[in-house]
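To start, the structure under review is shown below, and the notes come after it.
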Amino acid sequence: MTRTLTRLLAGLVVLACVLTMATPLASAQEDPYGSTTTTTAPPNLEPTCALSVTAAAPGASVTATVSNVPEGQTVRILFDGEEVGSGTAEGTTTVEVSFVVPQRPPGEYQVTAVGVSFAIACSLNGDASFSVLAAGTTRPGGGSGGGPLPRTGIYIGLFVVVAGALLLIGRTLTADSKRRRRRASRSTGTRTRAGV
């Protein structure tokens, strides 16, 4: 039984190593001298602005999240050129500003985050315009909700590891069971012959 468990654990370790090596690392390359160099660009430290939604009716609350703001800098949020909110980066580089969509006729408008050293368009998923909807409408097409859909599904690597482990356990248990039956039948046959 100990031998079976040892084989099982060895198989699981090998399977985990193979799966780990199969997933590429963040473009890291090893040189002949043993050091690792990365070819990934340094993080973008330019300010960015993301909106919680890109479509709402007048009076709805929207949150603008501005990241990579120099500490201590005040950020103003402009809706079609009109200031609708502001916030200051205090002890952090991210500023969240909630604002109410002003009264505007339905259509496309620009939301901008303005700081001392930057002025950037706010967006959600790269869409740089904000849609003002007719009163009582929550999103284009008349449906409710907003924002991206949640990610559903499983991590395929985990699924493969679990499936491989279960197959290996099943194979090992089946082989053990066959071995025990053979031993039992041999010892029964030997006893019968010896008793005659």
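Here's the yes/no breakdown for (1) part of a loop (DSSP other than H, G, I, E, B); (2) modelled with pLDDT of 85 or more; (3) surrounded by 15 or more Cβ atoms within 10 Å (Cβ to Cβ); (4) among the basic types (K, R):
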site: G143; (1), (2), (3), (4): yes, no, no, no
site: I154; (1), (2), (3), (4): yes, no, no, no
site: V161; (1), (2), (3), (4): no, no, yes, no
site: L166; (1), (2), (3), (4): no, yes, no, no
site: T172; (1), (2), (3), (4): no, yes, yes, no
Out of the residues in the stretch 121-135 that are over 14 Å from F79 (Cβ atoms) and assigned to a strand (DSSP E or B), state the one that is modelled with the highest pLDDT.
-> L124
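Run down D80, D31 and say which single residue is among the charged types (D, E, K, R), modelled with pLDDT under 85 and more than 30 Å from G164 (Cβ to Cβ). Write out each step before concluding.
Working: D80 fails: modelled with pLDDT under 85.
D31 is the lone residue from the list that is among the charged types (D, E, K, R), modelled with pLDDT under 85 and more than 30 Å from G164 (Cβ to Cβ).
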Of the residues in the stretch 68-112, how many are in a strand (DSSP E or B), closer than 26 Å to L45 by Cβ and acidic (D, E)?
-> 2
Count of residues meeting criterion [modelled with pLDDT under 90, small (G, A, S) and over 27 Å from the mean Cα position of the chain (by Cα)] in the stretch 34-76 | 3
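The values are calculated or read from the model by the stated rules, or taken from the named source; none is laboratory data. Computed from a predicted structure; not experimentally measured. Quick reminder, even Gly has a Cβ in these numbers, built from the backbone with ideal geometry, and neighbours come from all protein chains shown.
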